[in-house]
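Student: Right, I'll just put the structure down here and ask away after.
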Amino acid sequence: MDRWRGRVALVTGASVGIGAAIARELVRSGMKVMGCARDVEKIKKLSAEFQSEGYSGVLVPFKCDLTSEEEILAMFSAIKAQHKGVDVCINNAGLAHPDCLLSGTTSSWKNMLDVNVLALSICTREAYKSMKERNVDDGHIIHINSICGHRVINNPDIHFYTATKYAVTALTEALRQELRETNSHIRATCISPGLVETEFGPRLYSQHSDKAATLYTQYKTLEAVDVANAVTYVLSAPPHVQVGDIVMRSVEQPS
């Protein structure tokens, strides 16, 4: 990670869970991390915590609603003005609603598409523009995907969410192809974890406390830091090595 010391990374959804864990590891490695979320107060607390722990990098909080392209563009403009631009973009933010295909609400489907697919694509486009205009040819764009981006699990609650994650799998490979066509050495990776113990489950089943209570008790799940370690692994790979996808799960996860 030495070559990334002092460089700028954007982490979306950085206030809790996987995003907060990624921010921690990058700041620990000496990066300037732009952490964005709607709840910016949590990121401010993390920033102060990292500083008190003596990490060599810094976490800069940005308030941003990723369902608003206007707010995303304003965030990138602020990063450009204050820190010149983005060298690493980690599209971590994502959400799910338990709205199945036969009876789900259109508003929930749109919300998942807005965050999981459109916001990811807008941030990717703007990160690439930032790198290109500064002649950064060793940047990295990392999508935090899901094992649901590779197989359809027999759970109607996450079928539409699964469709958005299949889109992320396709978008990652398409991005790699487009970068290759431009003779760019910017890398594209997606990381696809199985079940990770975070706030994701309780939020998914906020109206179904019984499901939320049992989600993480059936077997030992992954932890957020496991995904963060996968991020530092791909960033640490030599510049000529393209890690396209990492599919990871707990050894106890049945499928």
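The values are calculated or read from the model by the stated rules, or taken from the named source; none is laboratory data. Predicted model, so just to flag it, every value in this text is computed and none were measured. Heads up, the Cβs are rebuilt from the backbone with ideal geometry, glycines too, and the neighbour counts pull from every protein chain shown. For the accessible areas, the whole protein counts, side chains as well, though only heavy atoms, and no ligand, DNA or RNA atoms are used. Shrake-Rupley method; radii C 1.70, N 1.55, O 1.52, S 1.80 Å.
Student: Only one residue in 145, 135 is at pLDDT 95 or above, more than 23 Å from residue 115 (Cβ to Cβ) and not hydrophobic (A, V, I, L, M, F, W, C). Which one?
Tutor: It is 135.
Student: Among the residues of the range 228-244, is any touching a Pro at 6+ places or on another chain (Cβ under 7 Å) and either on the phi > 0 side of the Ramachandran plot or not charged (D, E, K, R) (or both)?
Tutor: Scanning the range 228-244, I find no residue that is touching a Pro at 6+ places or on another chain (Cβ under 7 Å) and either on the phi > 0 side of the Ramachandran plot or not charged (D, E, K, R) (or both), so the answer is no.
Student: Turning to a different aspect of this structure: What do you reckon, is residue 111 over 11 Å from residue 89 (Cβ atoms), of a type outside the set (Asp, Glu) and either open to solvent by less than 10 Å² (accessible area, probe 1.4 Å) or part of a loop (DSSP other than H, G, I, E, B) (or both)?
Tutor: For residue 111, the condition - over 11 Å from residue 89 (Cβ atoms), of a type outside the set (Asp, Glu) and either open to solvent by less than 10 Å² (accessible area, probe 1.4 Å) or part of a loop (DSSP other than H, G, I, E, B) (or both) - is not met.
Student: Under 6 Å between Cβ atoms, which residue pairs at least 6 apart in sequence (or on different chains) link something in the range 117-136 that is open to solvent by less than 10 Å² (accessible area, probe 1.4 Å) with a partner that is at pLDDT below 95 and not in a helix (DSSP H, G or I)?
Tutor: Every condition considered, no pair remains.
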